[in-house]
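Structure, as structure tokens:
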Amino acid sequence: APVAQPAPPPAPALGRLPAILTLREQAEMYDAWLTVRLDRILPDLMRQEGFDMWIVICRENVEDPVFRSLVPFTTMYASRTSILMFTDKGPEGVERLSVSRAGIGQFYKAAWDPDKVDQWARVGELIRDRAPKKIGINESDTFNYGDGLSATMKKKLMAALPSEYQSRVQPAERLAIRWLERRTPDEMEVYPHIVAIAHAIIAEAFSRTVITPGV
């Protein structure tokens, strides 16, 4: 006679999912964090890495890995060719410009009128006006997260630059990575709660509540 198989162990007791903010509440918190990060962390990192200008350039649906970390919560993707330009103005802080067709709310001042001038010509004008000594671009042999500038976008940027500025362009891989990895005290305070949400989802997803062995 076939041997009776033991009954499967009961499903693990699953705790209640920690509270999750609504998307509107998440946006409010995220944008408050972004304000602090752009106002305080970015100037510090740019100075430590020696860049007085940082340019982040990407195309729609081919976003640079750092792009979404630099824009507000409701930004779903880059619009056409999106260009963010950061210039260290010393005591005035870091100037933040969007040389893009779509504005980016309170975080970036719009710096291009598509009806008046070519986008790349405008980039060249802005750089010449600000006269940076060292221009950072996201290019890296080592870090994929610091290598977001495509070959085509770099070619267009270099063509737009006045010749005397081309030698000032340098990889900003460490700046990009350090920007992504840095957390503010407010972010760190919430981080354990975020981890708890992830653990609760994992516990349920790999439990017999949703998995039936052999089915």
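The values are calculated or read from the model by the stated rules, or taken from the named source; none is laboratory data. A quick note: this is a predicted structure, and the numbers were derived from the prediction, not measured. Glycine gets a Cβ as well: all are built from the backbone with ideal geometry, and neighbour counts include every protein chain shown. These accessible areas exclude ligands, DNA and RNA; they are computed on the full protein's heavy atoms, side chains included. Shrake-Rupley method; radii C 1.70, N 1.55, O 1.52, S 1.80 Å.
Of the helices (runs of 4 or more DSSP H) entirely within the stretch 122-215, those holding at least 3 residues that are closer than 30 Å to Q26 by Cβ and among the β-branched types (V, I, T) occupy 185-205. For the stretch 38-67, the set of residues classified as open to solvent by 40 Å² or more (accessible area, probe 1.4 Å) and over 18 Å from E173 (Cβ atoms) consists of D39, R40, R59, E60, N61, V62, listed by residue number.
Here K154 clears all of (1) closer than 27 Å to G93 by Cβ; (2) in contact with a strand residue (DSSP E or B) (Cβ under 8 Å, 6 or more places away or on another chain); (3) not hydrophobic (A, V, I, L, M, F, W, C) except the condition numbered (1). Note on the stretch 21-37: residues that are open to solvent by less than 60 Å² (accessible area, probe 1.4 Å) and charged (D, E, K, R) amount to 2.
Residues that are under 21 Å from A19 (Cα atoms) and surrounded by 12 or more Cβ atoms within 10 Å (Cβ to Cβ) were ranked within the stretch 200-215; the one that is modelled with the lowest pLDDT is T209. Just to be sure, is M158 over 28 Å from L21 (Cβ atoms), of a type outside the set (D, E) and at pLDDT 95 or above? Against the criterion (over 28 Å from L21 (Cβ atoms), of a type outside the set (D, E) and at pLDDT 95 or above), M158 qualifies.
Would you confirm whether any residue within the stretch 82-98 is open to solvent by less than 30 Å² (accessible area, probe 1.4 Å) and touching an Asp or Glu at 6+ places or on another chain (Cβ under 6 Å)? Yes, the stretch 82-98 contains at least one residue that is open to solvent by less than 30 Å² (accessible area, probe 1.4 Å) and touching an Asp or Glu at 6+ places or on another chain (Cβ under 6 Å).
Can you name every residue in the stretch 83-94 that is touching a residue at least 24 places away in the same chain (Cβ under 8 Å) and at negative phi? Correct list: I83, L84, M85, F86, T87, D88, V94. Please indicate, with yes or no, whether at least one residue in the stretch 145-154 is touching a helix residue (DSSP H, G or I) at 6+ places or on another chain (Cβ under 8 Å) and polar (S, T, N, Q). No, there is no match, as no residue in the stretch 145-154 is touching a helix residue (DSSP H, G or I) at 6+ places or on another chain (Cβ under 8 Å) and polar (S, T, N, Q).
For the stretch 175-187, the criterion of being touching a Gly at 6+ places or on another chain (Cβ under 7 Å) and charged (D, E, K, R) is met by none of the residues. The combined condition, being under 19 Å from S82 (Cα atoms), among the hydrophobic types (A, V, I, L, M, F, W, C) and either out of contact with any Cys (no Cβ under 9 Å at 6 or more places or on another chain) or touching a residue at least 12 places away in the same chain (Cβ under 8 Å) (or both), is not fulfilled by M188.
Among the conditions (1) open to solvent by less than 80 Å² (accessible area, probe 1.4 Å); (2) closer than 17 Å to P132 by Cβ; (3) more than 22 Å from the chain's Cα centre (by Cα); (4) of a type outside the set (D, E, K, R), the only one that S163 does not satisfy is (1). Residues in the stretch 103-137 that are buried (at least 16 other Cβ atoms within 10 Å of the Cβ), under 18 Å from P43 (Cβ atoms) and under 21 Å from the mean Cα position of the chain (by Cα): F107, Y108, I135, G136.
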